[in-house]
Amino acid sequence: MELCPTIKNILLLDSEGKRIAVKYYSDDWPTNAAKEAFEKAVFTKTQKTNARTEAEITMFDNYIVVYKFVQDLHFFVTGGENENEIILATVLQGFFDAVGLLLRGTEDKKEALENLDLILLCLDEIVDGSIILETDANVIAGKVDSHSMDAGAPLSEQTITQALATAREHLTRSLLK
Amino acid sequence: MAQPLVKKDDDRDDEVDYSPFLGIEKGAVLQEARIFNDPQLDPRRCSQVITKLLYLLNQGETFTKVEATEVFFAVTKLFQSRDMGLRRMVYVIIKELSPSADEVIIVTSSLMKDMTSKTDMYRANAIRVLCRITDGTLLTQIERYLKQAIVDKNPVVASAALVSGIHLLQTNPEIVKRWSNEVQEAVQSRAALVQFHALALLHQIRQNDRLAVNKLVSSLTRGSVRSPLAQCLLIRYTSQVIQESTNDTQTGDRPFYDFLEGCLRHKAEMVIFEAARAITELNGVTSRELTPAITVLQLFLSSSKPVLRFAAVRTLNKVAMSHPTAVTNCNIDMESLISDQNRSIATLAITTLLKTGNESSVDRLMKQITNFMSDIADEFKIVVVDAIRSLCLKFPLKHRSLMNFLSNILREEGGFEYKKAIVDSIVILIRDIPEAKESGLLHLCEFIEDCEFTYLSTQILHFLGIEGPKTSDPSKYIRYIYNRVHLENATVRAGAVSTLAKFGAMVDGLKPRIFVLLRRCLFDNDDEVRDRATLYLNTLGGDGAVVETDEGVKEFLFGSLDVPLVNLENSLKNYDPSEKAFDINSVPKDVKTQPLAEKKATSKKPTGLGAPPPGPPSTVDAYEKLLSSIPEFASFGKLFKSSAPVELTEAEMEYAVNVVKHIFDGHVVFQYNCSNTIPEQLLENVTVIVDASEAEEFAEVDSKPLRQLPYDSPGQTFVAFEKPEGVSAVGKFSNMLRFIVKEVDPSTGEAEDDGVEDEYQLEDLELVAADYMLKVGVSNFRNAWESMGVDFEHVDEYGLGPRDSLAEAVNAVINLLGMQPCEGTEVVPPNSRSHTCLLSGVYIGNVKVLVRLQFGLDGPKDVAMKLAVRSEDETVSDAIHEIVASG
């Protein structure tokens, strides 16, 4: 197991260090209190840095944390001390860009909370139980944003609004590409 | 250069922070979840409710068992809807709720239906969910689908199945191992991530088969891997193979090195870095092999991406420990990183420079660091302090400027850990560089004038008491010490009193003045301070005469405690206040070897001020209690040592037996720990028949059989031998387990009345010289060595013949002697041609023994050793040589 690149957690915090969405894949933090303590430590350590153009990196308590901020959204990916930093950064970039695509450019806390379902699905698509599932932001966003009806569903079950939604979906996705 | 920070939305901060989850409450959301049961489902609303539930869980809210079950059942209803978005949310929340086995059954059929659906997204997610929540029994049912999914043409489905396979391998290895063929096919997939996941799974399936891993690596390194992540995996597997194979073939080119080097030219940065790191971590890497890796890392140092700079500098920092010269080429790039915005990078750069720098660059470097120190956090400063300490030990001539630097930063603001690191460093420098002693002590004196940490003050006072009297002018420290008596809290005052007394005891000329000071302390308002002053005045002869202090008194007052503190603490805790006084000799002296985790190969970690590191509480107490509870053995006296258990049977045999050797002065007791692994048997009257014909000095005196040995509940039987008092008699014992076996009816658990006598051959047991040696560490070997004196020193040289490596030879000798390695000297740096190892221990009869071993490589493989033994008894010194000579 230890040879496979391992993600310990992915965090999305706001500008005060509060949780927007977090996902832990490791038993290193067994309780919610331990998790919150870790988030607080990460946040205070990174708060003053300017991780807006390029992803930044720090190391503490034998974890490597890569992070990137936009507006009031703070993205973090944590790995073990022997992890390849660049792999972690790739995962971070995938998460960061996918959220950007899903929030359609208005990346802030309000928008993120309003689309929390998308963000949670996004996390679900990036890592499965500490193993990297996908790192390409376009693929991740594409998988999350397929809000359409089951292809097998009869057309009559689709309402006009749903049909419109599907159409809009296709349009935006073609624009985003 | 920093782009303008995007302004936080100040205007919005003024309003109440809007959130769609404002005022959300668990109870209300659980109520809302009832809409899942509506006959006409509204997918949008259902999605929203699930999002709210997930939000609560994400914020750390927990559901009770009942609540979770209720939500789970409601959620299962949502499989009726065909809305894809809703279905996705259903998958996520099922994973989050992690239902119990009996609940899983409810969704199994729905998920299995999705697993065979035409929609790729359903198939992929249903596989992931089902594999997450399922147990082994269900797995056989869905195995067929999973195998299909692995080779599915949709990469998402294939990846889902492969990743699930990786997880399932932990719980159901035998099932997943059957998928090898499909996984192998998936390794050839065109989709990048499928290849990555397939490779990870394939390797895990085969990881215990070295040959198969070898084959896998050699076929893939020929180039069919497209995904960068998969390539990284391959690099890791390759270096593992290299690691294992170099042990066999030391000559010639390293296998697969060309592959690693080729990866340095890969287009993906993660692969380049992975390969560079793998090369730097190769066992015994040569500078020719290192060069290309260092070159790419050097390029990374000037990258615009902080992550790359960090990764590179961190790796180079590690390389600098073993191959400082290889990194010197990067020094210019490294120096520009000192001003890096990212302080982690800056710190790593500095410490690397400190490791690679030469004597002439020290002063320039120190100037740069001084500016840098003020704006980094304490934890980084500690790293820098550690690096400076090792630099100073490397270039003792530079001690003046480095010591000045340390004392300057000691005066600045800083937390306890930081100050402690500095003080520890100064103490180590004083210890190891004689010229630095006087200035270092004065720096410490100045520091305690204004030190807010009681712990550090007392530690420094204690240290002053040891080192101060040995300096050319001890009297100049008195002022600093006596000031503490006036100005500090009780703990520090008590420490200062002890230190004063030490000066008085060691420096006869100062005695009258010390007595005056000590008498003043008799009026202190703290009990401890007064008690100490009284004790010292009385024992040192408080009449003020300039007389030499009696050695016995010195030993009593300031002698080192020769028992580990942990053991002493345990014994004191167990001591019942009674008529019988506490006997310090009853405290076991055995030190458990401390975990070696933090002892990195080359940098021996100095322990600084503190006493020897406390070992974990020993099991000796437990053995002692056990043995003293057996009346037959009570007369044997005090237990000297108990060995670690020695296995006398192969693993997984019918009966498992191991033995613990208990050594007494005139006796040896073997404790056989037996366990019965056959449920259908009950053993009775279990004894071990010991044949001591090859151990002439031993005579069996007693044995204690084990009445019953039921299945799976271990028991002990004992055999005791008499041996000549105080002598390290050795010998070989053959053992036979004898017992009466009775059949047990597994259904009722009752044994039959009639049993059959049976025997079971165990492996031989040897009593060796090391069994008479206790591992007892000393905190400062040099001091201990010098105070032991040359009276009973015995030095000789030995040829150890051809050995695999120096480290192997060192370990062999340590194990042979059974002594405690001191100061981390049991670790041999790779590639060294010579090594000195320091050992200490207590030999039977309570004789302290110190050993200095000097190893050298003589020719390609032959190891020569010089053994110097000092002990309190000449016969013991000779005995140690005999052990080595005969070993």
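When N is the residue count of region B:355-491, what does its C-alpha Rg come to as a fraction of 2.2 N^0.38 Å? Write down the numbers at each step before the final one.
Values: Rg = 15.0 Å, N = 137, 2.2 N^0.38 = 14.3 Å.
Taking the Cα Rg and dividing by 2.2 N^0.38 Å, one obtains 1.05.
Dipole orientation for the protein assembly as shown: of the candidates B:181, B:644, B:494, B:181 has the Cα lying most toward the positive pole (charges on Cβ; Lys, Arg +1; Asp, Glu -1).
The packing ranking, built from the mean of other Cβ atoms within 10 Å per residue, places the peptides B:267-279, A:20-32, B:637-649, A:125-137 in the order B:267-279, A:125-137, B:637-649, A:20-32, highest first. Relative contact order for chain B: 4 percent, from Cα pairs under 8 Å spaced at least 6 residues apart, divided by residue count.
Quick one: helix B:306-322 against the long Cα principal axis of chain B, what's the angle to the nearest 10°, folded into 0 to 90? Helix B:306-322 sits at roughly 40 degrees to that axis.
The charge dipole of region B:449-544, taken about its Cα centre with unit charges on the Cβ of Lys, Arg, Asp and Glu (plus for the first two, minus for the last two), comes to roughly 340 debye. At q = 0.19, 0.21 Å⁻¹ the log10 of I(q)/I(0) for region B:772-886 amounts to -0.95, -1.14, computed by Debye summation with a single uniform scatterer per C-alpha, solvent ignored. Computed from the Cα positions only, the extents of region B:622-767 along the three principal axes stand at 53, 30, 25 Å, in decreasing order.
Could you give the dipole magnitude of the protein assembly as shown about its Cα centre, charging the beta-carbon of Lys and Arg +1 and that of Asp and Glu -1, in debye to the nearest 20? If you can, show how the numbers build up before the last one.
Working: 111 positive and 154 negative charges, 962 e Å.
Around 4620 debye, computed over the protein assembly as shown.
Near residue A:8, the amide H atoms lying under 5 Å from its own belong to A:78, A:79, A:80; only residues 5 or more places off or on other chains count, and H is placed 1.01 Å from N.
For chain B, give the magnitude of the charge dipole about the Cα centre (Cβ charges: +1 Lys/Arg, -1 Asp/Glu; no others), in debye to the nearest 20. Let's see the in-between values first.
Numbers: 94 positive and 125 negative charges, 1011 e Å.
Using Cβ point charges on Lys, Arg, Asp and Glu, chain B gives about 4860 debye.
Count, for each residue of B:117-125, the Cβ atoms from other chains sitting within 10 Å of its Cβ, then give me the mean as a whole number. Provide the component values of the computation, followed by the final result.
On the way: counts 3, 3, 5, 3, 5, 3, 0, 3, 4.
Taking all residues of B:117-125 together, the mean is 3.
Taken along the Cα-to-beta-carbon direction at a fixed 7 Å, the label points for residue B:143 and residue B:181 span 1.3 nm. With a simple spin-label model that places each label point 7 Å from the Cα along the Cα-to-Cβ direction, the separation between residue B:565 and residue B:528 comes to 1.2 nm. Mind giving me the FRET efficiency for residue B:886 and residue B:646? R0 is 22 Å, r the Cβ-Cβ distance, nearest 0.05 is fine. With a Förster radius of 22 Å, E is 0.65.
The shape of region B:376-448 can be summarised by an equivalent ellipsoid whose semi-axes, obtained from the alpha carbon gyration tensor, come to 19, 14, 9 Å from longest to shortest. Sequence-distant or interchain residues sharing an amide H contact under 5 Å with residue B:792, placed H: which? It is B:871, by chain and number. Take the Cβ atoms of residue B:267 and residue B:331, set R0 to 30 Å, and the FRET efficiency comes out at 0.55. If you take the charge dipole of the protein assembly as shown about its Cα centre, with +1 on Lys and Arg Cβ and -1 on Asp and Glu Cβ, which of B:733, B:316, B:29 is farthest toward its positive end? Projecting each Cα onto the dipole axis, the largest value belongs to B:316.
First measure r as the distance between the Cβ atoms of residue B:654 and residue B:432, then evaluate 1/(1 + (r/R0)^6) with R0 = 41 Å and state the FRET efficiency to the nearest 0.05. Please report the intermediate quantities before stating the final value.
Numbers: r = 57 Å, r/R0 = 1.39.
For R0 = 41 Å, the calculated efficiency reads 0.10.
Among B:641/B:723; B:638/B:732; A:23/B:381; B:638/B:723; B:77/B:153; B:267/B:305, which pairs are too far apart, with a Cα-Cα distance over 22 Å? List each step's numbers first, then the result.
Values: B:641/B:723 15 Å; B:638/B:732 24 Å; A:23/B:381 33 Å; B:638/B:723 15 Å; B:77/B:153 31 Å; B:267/B:305 16 Å.
Pairs exceeding 22 Å: B:638/B:732; A:23/B:381; B:77/B:153.
Inter-chain Cβ neighbour count for A:109-121, averaged per residue, equals 6 (cutoff 10 Å, partner chain atoms only). Roughly how tilted is helix B:399-411, in degrees to the nearest 10 and between 0 and 90, from the longest Cα axis of chain B? Relative to chain B, helix B:399-411 is tipped by roughly 70 degrees.
P(r) tail for region A:1-57, what percent of Cα pairs lie past 13 Å? When every Cα pair of region A:1-57 is considered, 66 percent fall beyond 13 Å.
Among B:368-379, B:334-345, how do they line up from the highest to the lowest mean number of other beta-carbon atoms within 10 Å?
Values: B:368-379: 14.3, B:334-345: 18.5.
Most protected by this proxy first, the peptides run B:334-345, B:368-379.
Give me the angle, in degrees from 0 to 90, between the Cα long axis of helix B:287-301 and the longest principal axis of the Cα atoms of chain B, rounded to the nearest 10. That helix lies at roughly 70 degrees to the long axis. In the frame of its principal axes, region B:39-173 has Cα extents of 37, 29, 26 Å, reported largest first.
A quarter of the convex hull surface defined by the alpha-carbon atoms of the protein assembly as shown gives 52.9 nm² as the mean projection. Just so you know, the Cα atoms of chain B work out to an Rg and Dmax of 35.0, 105 Å. Pair-distance distribution P(r) for region A:54-148, from all Cα-Cα distances in 5 Å bins starting at 0: 3, 14, 25, 25, 19, 10, 4, 1, 0 percent. Projecting the Cα positions of B:522, B:53, B:283 onto the charge dipole of chain B (unit charges on Cβ atoms of Lys, Arg, Asp and Glu, taken about the Cα centre) puts B:53 furthest along the positive direction. Converting phi to 3J(HN,Hα) with the Karplus coefficients 6.51, -1.76 and 1.60 and the offset θ = phi - 60°, region B:437-451 yields 4, 5, 5, x, 4, 5, 4, 5, 4, 5, 5, 6, 4, 9, 10 Hz in sequence order, with x at every glycine or proline. Extension gain for residue B:135-residue B:34 works out to 33.5 nm (0.36 nm per residue, less the C-alpha to C-alpha distance).
Based on the mean of other beta carbon atoms within 10 Å per residue, what is the order of B:793-804, B:312-323, most packed first?
So the order, starting with the most tightly packed, is B:312-323, B:793-804.
Reducing region B:745-791 and region B:826-872 to their Cα centroids gives an inter-centroid distance of 24 Å.
Compared with the direct C-alpha span, the chain from residue B:73 to residue B:520 gains 152.9 nm at full extension, assuming 0.36 nm per residue.
Label-to-label distance, residue B:632 versus residue B:745, with points set 7 angstrom from Cα along the beta-carbon direction: 3.5 nm. Counting only other chain Cβ atoms within 10 Å of each residue's Cβ, the peptide A:125-134 averages 6.
A short reminder: the numbers here are calculations on the coordinates, not readings from a lab. No experiment lies behind these values; they were computed from the predicted model shown. Every residue, glycine among them, receives a Cβ derived from its backbone with ideal geometry; neighbour counts consider all protein chains shown.
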